[in-house]
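The structure appears below as structure tokens.
What follows draws every value from the coordinates through simple rules; no lab data is involved. Note that the structure is predicted; figures quoted are calculated from it, not measured. Cβ coordinates were reconstructed from backbone atoms using ideal geometry, including for glycine residues, and neighbour counts include every protein chain displayed.
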Amino acid sequence: MKFVPRSESTRQFIIEATAKLFNKKGFAGTSLSDLEKATSLTKGSIYGNFENKEQVALAVFDYNIANLHEKLLGGLEGCTGVKEKLMAYLSSYAGYEAEAGGCPMQNTGVEADDTHEPLRQRAAESMLAWIRDITDLIAEGIESGEFKPGTNAHKTALTFFALIEGGILLGRTTKDSAHFKTVLDSAAEYIEGIYRHS
């Protein structure tokens, strides 16, 4: 029998109320009592809208990714060239990372890689989609002549993405945001390196 939530509005409230909690504490670290405290709801109310904690975590992950995507796209508004968009992307990511408790793709992927396959898959799909978007953007810059001919769009996108995610990991693990800023500066220099100056 298919599970039907009691209330879509309550379901959405649970997702929003536990979004930062799951991103910071992870699936294993978030208990039912944490969910009850964050939502001020009973176990019955929570599990009347989700089959189990895993379903809450998957819905929250999707919500956190949508928020990240919205934040990054918002930072691109008004940008005209591809290089400008990539630089704005770096600035937006820096702002998001400071307020959200880390990148949900990285937090989830690191925790779930050997422990929770559905969450690992969700994180992997999000990462690969992000890389495809960046690859398309760089390919657009190559085609328009903004970036140097012969630039490998996919390799560049992978490196750009890896620099950002690696910078986040380094900054959060060492508790020194200067490391994250230094790596973001390196990512900006990397994009500058493929830019075709007139």
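Some values worked out for this structure:
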item: Residues of type aspartates and glutamates that K83 reaches as a straight line, Cα spacing below 15 Å, ignoring anything fewer than 8 places off in the same chain; result: D133, D136, E140, E143, E146, D185, E189, E192
item: Gain on full stretching of the segment that runs from Y195 to E51 - 0.36 nm per residue minus C-alpha separation; result: 46.8 nm
item: Value of [θ]222 nm, deg cm²/dmol, for the chain, DSSP H segments ≥ 4, -39500 (n - 2.57) each, nearest 500; result: -26000 deg cm²/dmol
item: Distance between modelled label sites at T173 and D133, nm, 7 Å Cα→Cβ extension; result: 2.6
item: Estimated dipole of segment 60-194 in Debye, rounded to 20 [Cβ of Lys and Arg +1, of Asp and Glu -1, Cα centre]; result: 180
item: Gain upon complete extension [K181, L73; 0.36 nm per residue less C-alpha separation]; result: 36.8 nm
item: Linear extension gain, K20 paired with S33, 0.36 nm per residue minus alpha-carbon span; result: 3.1 nm
item: Net charge, T159 excluded, C-beta distance under 13 Å - Lys, Arg +1, Asp, Glu -1; result: -1
item: Taking the C-alpha atoms of segment 9-92, convex hull volume expressed per residue in Å³; result: 100
item: All-pairs alpha carbon distance profile, segment 46-119, 5 Å steps from 0, percent; result: 3, 15, 20, 18, 16, 13, 8, 5, 2, 1
item: K148 paired with A124, simple spin-label distance in nm, labels 7 Å along Cα-to-beta-carbon; result: 3.4
item: Under DSSP loop assignment and at most 15 Cβ neighbours within 10 Å, longest trypsin sites (Lys or Arg not before Pro)-free interval of the chain; result: 7-174
item: P(r) histogram, all alpha-carbon pairs of the chain included - 10 Å bins from 0, percent; result: 9, 32, 31, 18, 9, 2, 0
item: Among the listed pairs K71/K155; K155/K181; K148/K175; K37/K85, those beyond 30 Å (Cα-Cα); result: K148/K175; K37/K85
item: 0 to 90° range, to nearest 10: angle between helix 82-100 axis and the chain longest Cα axis; result: 30
